[in-house]
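A short worksheet on the structure shown next.
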Amino acid sequence: MFPSQFGYHKPGSVAEAVKLLQADPDAKIVAGGHSLIPAMKLRLAAPSALVDLSGIESLRGISVNGNVSIGAMTTYAQIRDSAKLKAALPVLADVAYNVGDPQVQSCGTLGGSLAHNDPAADFTAVLVALGASVKAVGPKGERTIPVEDLLVDLLTTSLAEDEVLTEIIIPGGTSAAAYEKFRHPASGYAVVGVAAAVKTGKGGVVDDAKIAITGCTSKATRAHAAEQAFIGKPLSAESIAAASAVAANGLDLNGDHYASADYRGHLVGVQTRRALERLA
Amino acid sequence: MGIPVPMATRIPVRITVNGVEYAAEVEPRLLLVHFLRDNLGLTGTHVGCDTSQCGACTVYLNGQSIKSCTVLAVQANGGEVTTIEGLAVGNDYDPVQQGFWEMHGLQCGYCTPGMIMSSHALLDRNPNPSEEEIRHALEGNLCRCTGYQNIVKAVQRAAELRAGK
Amino acid sequence: MVAEKLVGQPLKRKEDPRLITGAGNFLDDIKLTGMTHAYVVRSPFGHARITSIDTSRARAMPGVVGVFTGEDLAAVNPLPCAWPAAGGENNMNTPRVLALGEVHQVGDPVAVVVAETRYQAKDAAELVDISYEELGTVVDAYKATLDGAPQLHENAPNNVAVRWTCGKDADEVSAALAASDVRISQHIVNQRLIPTSMEPRGSIGRYDEGTGDYTLWATSQAPHVHRLLITAFILGIPEQKLRVISPDIGGGFGQKIFCYFDMPLVLWLSKAVGRPVKFFEDRSENYLSAAHGRDHITDVEIGASRDGKITALKVDTYANLGAYLSTVAPGIPTTLYGRMVAGCYKIPAIHVNVTGVYTNTAMVDAYRGAGRPEATFLIERVCDLVAQETGVDPAEVRRRNFIQPADFPYDTGIGMLPYDSGDYEKALDKALWNSSYADLRAEQARRRAKGNRKLLGIGLSSYVEVCGIAPSKYMGAQGWGAGLWESANVRIHLTGKVVVTTGSLPHGQGHETSFAQLVGDELGVPFDDIEVEWGDTLGTPFGFGTYGSRSLTVGGTAIYKSTAKIREKARLLAAHMLEANPEDVIWQDGKFQVKGSPESSKTMQEVALAAHVAYDLPEGMEPTLEATTFYDPPNCTFPFGTHICVVEVDADTGEIDLLRYVAVDDVGNVVNPLIVDGQVHGGIAQGLAQALFEGAVYSDNGELMTGTMNDYAIPKASQLPVYELDRTVTPSPVNPMGVKGAGEAGTIASTPCVANAVIDALAHLGVRHIDMPITPEKVWRATSAR
């Protein structure tokens, strides 16, 4: 199995990449390629050309300086193995360790995951919970987009066809974050994933919190009701129970032959509880 | 009536495989695994699925284990690839190969090259992995024959051999 | 110097050096001069009439050598079915090489493109324009038999392919049920599985215009059988004009026993285009159209006494056979399932009714265990249902119903050959001991008393299965369309080196190693001096191949008997060389010795040299040391054992954690314990995966929803437990080595074992049964409903 014909470009700079994308509206960016190439092999995608970002060195790298900044072409393996990240925000390395498998981690990139916006991806939810934003460069220059606004719908983002996602910025200040994943036995994707991040103040009172759900919705989605159930309170058995009871409220849950929407809704509650228990 | 197929553009690549540099002109869509198997005749790397699950095609690219069915040959341009054929030096098996032989870590042998490459990559990262770490590191490699128990033992044995035990 | 016996030693395998270095020679590794590539255009519909095919755009594509449709192959016969159900109703429909007129499943081959490269073949295949008129579809075996269901084949009203019964008369068994103190009925689905050898299937055809000879390389578990079927039944060419070669095979599990459309197709194409043609399927093609396994819907009625003795069993099974009959499909849910439902137990009244059904799905045929997993799942679920209903411990229910050692050979009364030997209680007791069963039950009681959300479940499965599928006389009476013996040729060359050719066909089982161990002991030749050859109809005598755990029991016995013939001839020659009376020369310590004077001896190698140079042979003796045996055993063999699985069920999510897996198997004597343990490991994993992970799912319109490994859950290393293995050894009286067969036992035992464990974890909540795969959601539904 292999893709149909296409052209191939390997630009040396973001500006060059943008030009290539402008010139060919049917071209697609390939980052790690581990979502796109399988889709092309199954002939579910047939771009006219690929614009391979792997030659742009500036898109790789991790820096921690209050904020965490990760280049879009940074691989899961680099995140998984980064001592800096393990110290600053260990949830990222933990999540990377459980994305796909080691070979996927060698290739898959954080920027690619966000730009693809798979409804069952892990990092989309984790980055929403962490309040991350991305930088994107297009013909009109650079802009910053909160991840929550980047993810529009199933496999759809607010990036323009000729825009390149360049960097992911995670603001500092998170006290603790956790991700609870129920894996699909075959694909390894999240059947339900719940990411939670909190900022706690005096006496363990939660000043701010974000919970994001993946796997069971068309895109990573905030569980606002659950957040409100414990913001302003310490994380306790009661506040956690209250949050998990309402975690699936308002979610447009999907189901398939492996797991129904009802069951996924139930898991959202259980996994929210478990994620928050890890933060308490 | 015209035939709606884009021109088969070919792109020159230079890829070093098992220490030998090869130059070729390839279609952009040529998968690395097909480059290895069909262009170079290195048929030890196998294909067992269409969807990047089975890992039979696992090779090293620039020092990391990857699935060569999900990487284009053009993406490997300028890179260094090691396949199963590149592990043994003459009749001296790599410790991972030796471990698989000693512990009966294979039956039909189809998944074995990929399994060995992934195990090798694990031991490069983590010379003394726990059983759980071994099982986790092999999530991208499916075996239908062994039930994995002897593969785990093979990796443990390989870790001993690498440590000179 | 007495050489240590090779048999019984965990020797490293001879096969492995090539396989661990990437030097194996699998089908897709083969490249022939001038070879072209075939890509098959398949039906996207579950049931449709082909209204037109236009190949002109495809023909114009670069690299295309030819495009062919069913019309081009209209003169080629459909594939044969070699095993109709004896004594039953058989409404036979088998697939054509390429569909003609109608398609009956998604994936039915409709056209084929031959091109210079596989990329070009597929590119062109996308441009074959085919119009279809869609027809109604049905995918469920029971629904397919109802009035008004879409009909697949004219000669099969209500889509019934096979009707068959065994055991006592239905009324008699109903009466026995009515007279039973305890009556239970249960609806049980044994879901459809996709075998998934890691190597998909393929074939390469080459026609030699000069000689008129064909050569087929195929991923085949039975090359001689395929030669017979392709020549005599499909293409109508003389059998001797086709040579079939199985290269290294990347696993089979039954799926590579059968004759598939691509085998005659590549031969036909090769003649048509005048060049070799390779077909190698993608994984998704394999999932769509290579044979699947299991897929039974069963209603069982059980009669039992209050103390847990099973008094009557009435089984009504709908077996989904798919769109057509695969090569041996009808035999699986009849002889190999129906006649094995008694399991290890003495059950006085059994009636089995089987309806084999056509549906718009992939064909279903033998898959690792073939019928016995379905039978064992049924009877082992029955044992637990009886335990639950009567309050007798599941281990005790089994014990009370076991066939006893003194009962062998034992006839279950439902048409199976008599069970050869066994001590079922011994294996059960060993498994109970190894698992600390009493402690596990105590821990379970403690957790239940405390309301622990981690529910402990303990599952048992005591199994017996039938291996060494043979004898020809029995199989003939069961409808099997040929013999089922096995062949072996053993020869010692002048240099003392030994070549063994076998009709068995290893595809992971390590025959090159275990057969060499057997031969080394019998002939006194070092292990490294023995080569086992297989897989080429040119070089091996006719053999039936490898399946049904028959290679060592049947094929191994053929080898053993050949070595015995050689040894006897060599003994006579040794006596001649030693100038001794033949009666005084014995085989001892790996050489021929004159009784009482061991210093006067000849090695096998010395005798082999003398036999080959033939300067001085006894009067009338032919040169060389070589013997061929065609062995047809008097009975099958019946391995058995008990497996115990311990699971922890998360009451909040329904997730299942496998804590322990204890297996005690009795496969008779063991030639290579490393290999036997490996077979058991892999078997357990495969059966366990049926219980928890795997299941082929079709949409109502016949689309395979689990069409890739992204959806169909082949278990990973992280999802499987450590297997704690042990054995009892009850030699089989059927063959001289006392072996029983080990290839399928693990699979047969583990499915019910794991299912029973999960259901046991929930039993105190009133859960009686959950259909497989037992996913977390099903557990959650079963528990949250209570």
One finds the C-alpha centres of segment C:595-667 and segment C:43-74 to be spaced, in Å, by 50
Restricted to chain C, the DSSP antiparallel beta bridge percent, nearest 5, is 80
Over 31 Å (Cα to Cα) among B:K67/C:K122; C:K561/C:K595; C:K143/C:K314; C:K602/C:K740; B:K165/C:K716 -> C:K602/C:K740
Bounding extents of segment B:95-162 in its principal axis frame from Cα atoms, largest first in Å, are 27, 22, 17
For B:R144, other-chain or 5+-apart residues with amide H closer than 5 Å (H placed, Pro excluded) are C:M198
In segment C:156-256 the DSSP beta bridges are antiparallel at a rate, in percent to nearest 5, of 60
Ranked output for segments C:384-396, A:219-231 by mean other Cβ atoms within 10 Å, highest leading, reads A:219-231, C:384-396
Restricting to aspartates and glutamates and to Cα separations under 13 Å from C:K778, and discarding same-chain partners fewer than 8 apart, the set is A:D262, C:D650, C:D652, C:E655
In whole Å, largest first, the alpha carbons of segment C:371-479 cover along the principal axes 59, 27, 24
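Considering all projection directions equally, how large on average is the shadow of the alpha-carbon convex hull of the protein assembly as shown, in square nanometres?
Spelled out: convex hull of the Cα atoms, projected over all directions, averaged, 49.9 nm².
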For A:K219, counting only lysines whose alpha-carbon sits under 19 Å away and dropping same-chain residues fewer than eight positions off, the answer is A:K181, A:K210
Packing-ranked peptide list from C:264-274, C:190-200, highest mean Cβ count within 10 angstrom first, is C:190-200, C:264-274
Everything considered on the Cα gyration tensor (a ≥ b ≥ c; rounded for a/c under 1.5, else prolate if a/b is larger than b/c, else oblate), segment A:7-55 must be described as oblate
To the nearest 20 debye, chain A has a Cα-centred charge dipole, built from +1 on Lys and Arg Cβ and -1 on Asp and Glu Cβ, of 520
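On average, how many beta carbons from a partner chain sit within 10 Å of the beta carbon of a residue in A:221-232?
What the average comes to for A:221-232 is 0.
Net charge within 10 Å of A:R143 by Cβ-Cβ distance, Lys/Arg positive one each and Asp/Glu negative one each, not counting A:R143 itself?
0
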Taking the alpha-carbon centre of each part, the distance from segment C:723-761 to segment A:158-228 in Å is 47
Note on segment A:7-55: contact order normalised by length, alpha-carbon pairs under 8 Å, 6 or more apart, percent, works out to 57
Yeah, segment A:162-254 with a ≥ b ≥ c from its alpha-carbon gyration tensor (a/c under 1.5 is rounded, else prolate when a/b outruns b/c, oblate otherwise) is oblate
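At 222 nm, what helix-only mean residue ellipticity would chain C give, in deg cm²/dmol to the nearest 500, using -39500 (n - 2.57) for each DSSP H run of four or more?
Details: 19 runs with 206 residues, N = 786.
Theoretical 222 nm ellipticity from helices: -8000 deg cm²/dmol.
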Mean other chain Cβ within 10 Å across C:681-687 is 5
The relative contact order of chain B, taking Cα pairs under 8 Å that sit 6 or more residues apart, comes to a percentage of 23
Which of B:V81, B:V152, B:V20 fluctuates most in a GNM of chain B (C-alpha springs under 10 Å)? That residue is B:V20
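Pull out a ≥ b ≥ c, the square roots of the eigenvalues of the alpha-carbon gyration tensor of chain C, then state rounded if a/c is under 1.5, prolate if not and a/b is larger than b/c, and oblate in the remaining case.
Numbers: a/c = 1.84, a/b = 1.08, b/c = 1.70.
Oblate shape, in that a/c is at least 1.5 and b/c is the bigger or equal ratio.
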Output field shielding_mean for C:195-202 (other chain Cβ, 10 Å radius) holds 6
Restricting to Cα pairs under 8 Å and 6 or more apart, the percent relative contact order of chain C works out to 15
Among beta bridges assigned by DSSP with both residues in segment C:304-445, the antiparallel ones amount in percent, to the nearest 5, to 25
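Report the extension gain between C:E622 and C:K12 in nm, rounded to one decimal, defined as 0.36 nm multiplied by the number of residues separating them, less their alpha carbon distance.
215.9 nm
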One finds, for C:W433 and B:N126 with R0 = 41 angstrom and r their Cβ-Cβ distance, a FRET efficiency to the nearest 0.05 of 0.65
Measuring from the longest principal axis of the C-alpha atoms of chain A, the long axis of helix A:261-279 (C-alpha) lies at a number of degrees, nearest 10, equal to 70
Partner aspartates and glutamates whose C-alpha sits under 17 Å from that of A:K19, ignoring same-chain residues fewer than 8 away, are A:D52, A:E142, A:E161, A:D162, A:E163
Using alpha carbon centers only, segment B:77-121 is separated from segment C:242-261 by a whole-angstrom value of 26
Expected sort for A:234-240, C:11-17, A:271-277, C:745-751 on mean C-beta neighbours within 10 Å, highest first, is C:745-751, A:271-277, C:11-17, A:234-240
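Computed from the coordinates by the stated procedures, all read-outs in this text should not be read as laboratory data. These numbers come from a predicted model, not from an experiment. Here the Cβ is made from the backbone with ideal geometry for all residues, glycine too, and neighbour counts use every protein chain on show.
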